[in-house]
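Peer 1: Here you go, one structure.
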Amino acid sequence: MTDLLSKTKHLRRHFFGNSALGLGTAALATLLTREGVASAAFPSSASGKPLLAHYHHRPAAKRMVSLFMSGGPSQMETFDHKPLLAQRAGTDLPESIRSGQRLTGMSGNQARFPLVGSPFTFSRHGSSGMEISELLPYTAKIADDLCVIRSLHTEAINHDPAITFMQTGSQIAGRPSLGSWLSYGLGSSSDQLPAFCVMISNNGQGQPLYARLWGSGFLPSEHQGVQFRGGQDPVLYLSNPAGISDQARRKLLDRLQELHQSLHQQTLQPHLEDRIVQYEMAYRLQQSVPEVADLSDEPESTFALYGPDSRQPGTFAANCLMARRLLERGVRFVQLFHRGWDQHGSLPRGIRNQCRNTDQASAALVSDLKQRGLLDDTLVMWGGEFGRTAYSQGPITADSYGRDHHPRCYTVWLAGGGVRGGKVYGTTDEFSYNIVENPVHVHDLNATILHLLGVDHTRLTYRYQGRRFRLTDVEGEIVHDILAT
C-alpha cells in the first residue's frame, strides 16, 4: 500500500506539473478512465528494479531451479513404493478407494480397473533409509539431500490445465508464472543476465509446451522467461543483422531510448519503460550469452559428473549444466522442461528411458551445486504436473501396461535452499490413490517456495482488473515441517 500511495503521489505531481491544461485535462482523463480508455497506474518493477526493496523475512534460498518432468511421472515406479499392488495385480481397484472420483476420458469407459504393481525394485538409501526405485540410481546417492513430498495434489486432471496450474497457480491461461513472480518481486542478481531463464530438452517427445507457461501474464513483459536453446544461437534474434556493428547497435538503442523517455514524460505509460528495459537487456545478452554458453572452460570431471549427454547441446544433461552456470552468474530462477513422462501404455519401457535420460544429470546438478557451496542457498525442485493411477489403462501383459493421469496424489522432491534433507513428507494409502497424512496442495507448495526465497506469498501481489492477484490466489499454507529451521 505504501508503494502504491508513493507511486500515485508521484504521478499526480508529474501530471499537474507538466500539463498545459491543468484541471481541464484532469477532468478529461477522468472521463476517459470511465470509458475504459486510460489505464490505471500500478506499482511495478519497471526499469529493471524489483518491487520489493527488502525481503519480507530472511531468505533461506537466493535462487531456484525447477526440473519439470512434463507428462506426469508415475510415483509408484519412482518414489512411492506400493508392494500391495503387486500382490493384488489383476484384481480391480476397490470402489471404496476410488469413491466416485472423476476419471479421464481415456480410461473412464473401461469395464474394469485392474491393479498393476511396479516391476522395479525399491531399496533404502542414505542414513535416512529413503526408499527409491532402481530406475534412479544416481538420485538414490543424494537421498540425504532430498526432501520427498509424496502427498502433493492438484485440481486438474488433464495436461494443459495441470501444467498451467503448476506454473501459474491457475488452470486458466493468462496468469504470471512462478519465475515471473520472482523476477517481479526480487529481480535478478546479475546486470548481464535476466532474472528468469527457461530451457526445454530437445528429446522431441510428449505434450506440447507453450510460451505462456513461462510468460509474465499481466505483469510487465520484462518478467517473462527468456528461453535458451541448444546450438550456436542459444537465444533467438539476439545477434545483430549482417552489416550492423555493435557500435551501430549501441547508437540505435541510445536514440531509441531518448525517444521512449521523451514519450514517457508526456504519457507516463509504464510499457514504454518496459521496452527500454527489454532493449537494454537484449544488448547486454549479446555480450553475456556467448560466455555462459561456452563450456570449454568446464573440466572433464564436470562432464563425467553430468554424463556423456552433457556434451550434446539441448539435451537434459546439457541443460542441467547450463542451469548451474546461469545460477552461479546471478540468475534468480531457471526452469528446465523435459517432456515424455505421459505413459498411458508401454510404461515400463518408457519410464526406464526417461529415467535414464534424466537421473544422472538431476543428481549431478544437486551434487555440483553442493560441492561449489551453492546448494545451501539454492532451491532445487523435481516433479511433474500430476501422478499416475494404480490401475492399468488398457490391457496388462507380461512386460507392459499403462497408467492414466492421477491428480489426487503424486510425488515431487526438493533439495537445498532451506529444506530438510533425508525427509519424506506425506503418506498415501496402500494403492497410492488417496492421501492419508499431511496433504500438500499446489498452492501450499508455491507458498512454501516463496517463503524459502524470503517472500510472504500473501504480500507479493499485483493489481489487475480491479483486484489484487497473487501466485497462490486466495489459498496456500507454508509447509513448516519440511523446513530445515
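Laboratory data are not the source of any read-out in this text; all were calculated from the coordinates shown. These figures come from a predicted structure and were not determined experimentally. Cβ placement follows ideal geometry from the backbone for every residue including glycine, while neighbour counts extend to all protein chains displayed.
Peer 1: Once the piece of chain linking residue 329 and residue 353 is laid out straight, how much longer is it, given 0.36 nm per residue of separation minus the C-alpha distance between them?
Peer 2: Contour length minus the Cα-Cα distance gives 5.4 nm.
Peer 1: Moving on to the next point. Highest mean first, how do 196-204, 312-320, 118-126 rank when packing is the count of other Cβ atoms within 10 Å averaged over residues?
Peer 2: Order by mean packing, descending: 312-320, 196-204, 118-126.
Peer 1: Now for a different question. How high is the relative contact order of the chain? Use alpha-carbon pairs under 8 Å, at least six apart in sequence, and give a whole percent.
Peer 2: Relative contact order comes out at 27 percent.
Peer 1: Could you size up the charge dipole of the chain around its Cα centre, putting +1 on the beta carbon of Lys and Arg and -1 on that of Asp and Glu, and report it in debye to the nearest 20?
Peer 2: Approximately 1060 debye in magnitude.
Peer 1: Binning every alpha carbon pair distance of the stretch 162-238 at 10 Å from zero, what are the percents per bin?
Peer 2: 19, 46, 31, 4
Peer 1: Here is a further query. Full-extension gain between residue 55 and residue 257, please, as 0.36 nm times their residue separation minus the C-alpha to C-alpha distance.
Peer 2: Length gained between residue 55 and residue 257: 69.6 nm.
Peer 1: Projected onto the charge dipole of the chain (+1 at Lys/Arg Cβ, -1 at Asp/Glu Cβ, origin at the Cα centre), which of 341, 304, 293 gives the Cα projection farthest towards the positive end?
Peer 2: The listed residue farthest towards the positive side: 293.
Peer 1: Okay, next question. Putting +1 on Lys and Arg Cβ atoms and -1 on Asp and Glu Cβ atoms, find which of 106, 240, 119 reaches farthest to the positive end of the dipole of the chain.
Peer 2: So the residue furthest toward the plus end is 240.
Peer 1: Another question about this same structure. What aspartates and glutamates could a cross-link reach from residue 82, if we take a straight Cα to Cα line under 12 Å and drop same-chain neighbours fewer than 8 places away?
Peer 2: 131, 429, 430
Peer 1: Here is a further query. Based on C-alpha coordinates, I'd like the Rg and Dmax of the chain, in Å.
Peer 2: Rg then Dmax for the chain, in Å: 24.4, 83.
Peer 1: Out of 365, 414, 426, whose Cα points farthest toward the positive end of the dipole of the stretch 350-485 (charges: +1 Lys, Arg; -1 Asp, Glu; placed on Cβ)?
Peer 2: 365
Peer 1: Follow-up. Could you please rank 427, 448, placing first whichever residue has the fewest other Cβ atoms within 10 Å of its Cβ?
Peer 2: If I rank by nearby Cβ atoms, fewest first, I get 427, 448.
Peer 1: Ranked highest first by the average count of other Cβ atoms within 10 Å around their residues, in what order do 181-192, 56-67 fall?
Peer 2: 181-192, 56-67
Peer 1: Using 0.36 nm per residue of separation minus the Cα-Cα distance, give me the extension gain between residue 483 and residue 158 in nm, one decimal.
Peer 2: Computed gain between residue 483 and residue 158 is 113.9 nm.
Peer 1: Order these peptides, 350-360, 205-215, by their mean beta-carbon neighbour count within 10 angstrom, highest first.
Peer 2: Averaged packing, sorted descending, gives the order 350-360, 205-215.
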